[in-house]
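The values are calculated or read from the model by the stated rules, or taken from the named source; none is laboratory data. These figures come from a predicted structure and were not determined experimentally. All Cβ positions, glycine included, derive from the backbone under ideal geometry; neighbour counts span all protein chains shown. What goes into the accessible areas is simple: the full protein's heavy atoms, side chains included, and nothing from ligands, DNA or RNA. Shrake-Rupley method; radii C 1.70, N 1.55, O 1.52, S 1.80 Å.
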Amino acid sequence: MSVAVVARKDFEDAARSKMLWAITALFVLATAGGMYAIGSFNDDFTANQTVAFLSTPATLIVPLAALVVAYLAIAGERESGSIKLLLGLPHSRRDVLFGKLIGRTVVVSVATVVAFIAGAIVLAVQYGSFPLTEFLVQGVVTLLFGLVFVGIAVGFSSMTATRSRAMAGAIGLYFLFQLVWSVIPLGAYYLLEGGIPNPVEGLPAWYFLLQLLNPVNAYAVVADFLTNPDGQTIYQTMVTGDAPFYLEGWFAVVILAVWFVVPVAIGYLSFERADLG
């Protein structure tokens with residue numbers, strides 16, 4: 001029950017601080033606003049294409065919002081000293097960490113659900129109807145994508161003791177996944193193959209695996225895989241020779257799960273051993 005108590009208080013604090021409303025407004029603007037703009041300025045776009053478009057702003061907005069929501073979950077409490085008061089109650093460190101994880105998860109979940117409801121209304125008004133299954137799949141995958149980054153942020157927050165370090169970590173993680181990660185496969189290819197990759201000539205499977213290990217890329221593959229489970233992923237179509245199992249859509253689901261579990265586990269172990277003064 002202690003986990004539930006911490007989670008409820010954490011969610012209520014987010015609502016009182018207007019964090020919940022700010023994140024919800026951002027998600028609604030990116031989702032419903034983006035679809036309205038696409039439908040208004042591109043007469044050739046169909047409802048299916050508009051739904052598929054959702055993954056584009058999601059890869060930018062969802063990680064940023066999730067990191068902002070969760071990066072101070074533990075670090076903020078430690079710097080202010082309120083973590084001692086919280087642990088002075090009948091809460092263990094595990095209760096605090098997982099309660100914070102659930103509380104911040106609910107914040108992102110509420111914002112995502114509201115945004116997709118608003119998006120459904122926009123689609124219904126613009127097109128009269130829309131592909132409900134594809135839309136729901138996109139919504140569920142986007143929700144899970146947000147939860148992955150909440151897990152990453154809470155895990156990292158559990159390993160830091162100050163707001164400045166937590167903020168630096170959140171900014172660093174965002175730029176790692178959005179910009180820096182793309183350099184990793186290129187650098188590995190140059191070191192191993194002695195040149196610059198040429199997609200026209202075909203590329204080895206490990207090159208695309210390095211790309212897929214980025215949770216942002218894994219999200220896009222999962223969304224496409226769940227919408228069309230019998231189709232090939234974009235990486236399967238580009239690899240030289242037969243595509244190995246780790247380029248299939250289901251493996252991207254595993255990658256997202258690992259990105260959620262591992263940071264939380266490492267953060268928990270670090271938080272358990274931390275000297276809180």
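Summary table
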read-out: Residue match in region 182-204 (condition: open to solvent by less than 40 Å² (accessible area, probe 1.4 Å) and either closer than 30 Å to THR50 by Cα or of a type in the set (Asp, Glu) (or both)); value: no
read-out: Matching residues in region 161-176 - criterion: being touching a residue at least 40 places away in the same chain (Cβ under 8 Å), within 20 Å of GLU77 (Cβ to Cβ), open to solvent by less than 90 Å² (accessible area, probe 1.4 Å) and of a type outside the set (A, V, I, L, M); value: THR162, GLY169
read-out: Top-ranked residue of region 96-143 - restricted to ones that are surrounded by fewer than 20 Cβ atoms within 10 Å (Cβ to Cβ) and of a type in the set (Gly, Ala, Ser), ranked as farthest from the chain's Cα centre (by Cα); value: GLY128
read-out: Counted residues, region 219-276 - those being of a type in the set (Gly, Ala, Ser), touching a residue at least 60 places away in the same chain (Cβ under 8 Å) and not in a helix (DSSP H, G or I); value: 1
